[in-house]
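The values are calculated or read from the model by the stated rules, or taken from the named source; none is laboratory data. If you're wondering where the values come from, they're calculated on a predicted model, not measured in any experiment. Because the Cβ atoms are built from the backbone with ideal geometry, glycine has one as well, and the counts that use them run over all protein chains shown. SASA here: full protein model, heavy atoms, side chains in, ligands and nucleic acids out. Shrake-Rupley method; radii C 1.70, N 1.55, O 1.52, S 1.80 Å.
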Amino acid sequence: MFSISPVQAMNFDGRSIYIKRDDLLHADFSGNKARKFYHFLHHDYSHVTQLVASGSAQANSLYSLSVLAKLQGWKFDYYVSHINTFLLQHPQGNYAAAIQNGANIIDVSHLADAENLQGMHLDDAMQYIVSSHPNYTDKNQLLFIPEGGRCGYAETGITQLATEIIQWAQDRRLNELMVFLPSGTGTTAAYLNKQIIQQLTQLSLTEVFAIEVLTCSTVGGDKYLRQQFSQLVDEIYFPRIINDGHKYHFGKLSQRCFDMWKTVCQSGIEFELLYDPVGFLVLQHYLNSQAVSATNVLYIHQGGALGNKTMLPRYQRKFPHSV
Ligand SMILES: *Cc1c(COP(=O)(O)O)cnc(C)c1O
């Protein structure tokens, strides 16, 4: 279903880096969510009729899952712990597109048994909902995907991403390569690093190619990210986490992030506003502070530009005078 995503050069902070355009994988099913949900398109799920997932009402994964459900002809229930009033009144971006694809978006606090769920983390609430909801009694027909696609199935599509990167580095004879991508749950970075190590070993190329995966946290700090890794892969496969000394809170708008986003978009490539600004700020800090001048850098564009339809107006309202 997907072809190999292209790589293109981009000027960044006075040097040339490469961008892996996973945002171009597929018109409706792009970025790392396409990689993470690839498994569900390429294995037999004909027994499934109902997809259930959870997360934020503006998440890129909401939209990607709605596309998956539509392609497969599944009903799709998506649980959120909150929808803000503005979005309810003015549906747009991932939220609007998912509804158009038939997603049934359910606010957990409006459920009949909401009282039982109060104060529960959404992950725990989902366990309860999936086990007790009358529509979900036939577990064989039900496919439940954890928030952000943080599960073992994600590795199938990320295996392919690792293969593409190794092949590309081989073709270009880039013996030293730093692969960088910003993390949310850390699923993409963890499986990518694991796959690159394993595939280079299988090909007996570990002596020839030094490909290192680096990432940064955009959610809860480095310690939290390491915890997330530990639920998915052995410690030997943990990607290296770098930071720039700032603590980033997911979805929080800042002038620094907005400025960085505008700078990188001048390349003509549209990046997204949640993960990419933090990614480029941390990458910039790293490249300026280390003796890495000769290193080739491959930044993975993980898609998500549809989310800009809601994020950009929020930024413009908050920083109306910035150019
Ligand atoms: C989901 C997403 C991420 C985070 O991916 P994880 O595998 O959860 O770390 C990063 N960038 C974009 C654009 C995303 O949509």
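Annotations
- Cα point-scatterer Debye curve for the stretch 132-197, base-10 log of I(q)/I(0) at q = 0.22 Å⁻¹: -0.94
- Considering only Cα atoms, the convex hull volume of the stretch 38-151 works out to 99 Å³ per residue.
- Mean projected area (nm²) of the alpha-carbon convex hull when the chain is viewed from all directions: 17.2 nm²
- Across the stretch 132-144, coupling constants 3J(HN,Hα) worked out from phi with the 6.51/-1.76/1.60 Karplus curve, θ = phi - 60°, read 10, 5, x, 6, 10, 6, 7, 5, 5, 8, 9, 10, 10 Hz, and Gly and Pro carry x.
- Charge dipole (the stretch 38-151, unit charges on Cβ, about Cα centre) - positive-most of LEU111, TYR38, TYR78: TYR38
- For the stretch 111-119, backbone phi angles converted through the Karplus equation (6.51, -1.76, 1.60; θ = phi - 60°) give residue-by-residue couplings of 6, 4, 9, 4, 4, 5, 9, 4, x Hz, Gly and Pro being listed as x.
- Net charge of Cβ neighbours under 9 Å - reference ASN101; Lys, Arg +1; Asp, Glu -1: 0
- Simple label model, 7 Å out from Cα along Cβ direction - ASN175 to ASP123, nm: 4.2 nm
- Straight-distance crosslink candidates among lysines, where the alpha carbon sits under 23 Å from LYS75 and sequence neighbours closer than 8 are dropped: LYS33, LYS36, LYS139
- For the stretch 38-151, the per residue solvent-accessible surface stands at 49 Å², with DNA, RNA and ligands left out and a 1.4 Å probe.
- Straight-line cross-link partners of LYS223 among the aspartates and glutamates, defined as a Cα under 18 Å from its Cα and at least 8 positions apart when in the same chain: ASP234, GLU235, ASP244.
- Note, ³J(HN,Hα) from phi for the stretch 196-206, Karplus 6.51, -1.76, 1.60, rounded to Hz, x at Gly and Pro: 5, 4, 5, 6, 5, 5, 4, 8, 6, 10, 5
- Whole-percent carbon and sulfur share, accessible surface of the chain, 1.4 Å: 47 percent
- Within the chain, longest stretch free of exposed trypsin sites (Lys or Arg not before Pro) [DSSP loop, at most 14 other beta carbons within 10 Å]: 1-171
- Cβ-based net charge around GLY220, under 15 Å, with every Lys or Arg adding one and every Asp or Glu removing one: +2
- Rounded accessible area per residue of the stretch 199-323, 1.4 Å, Å²: 51 Å²
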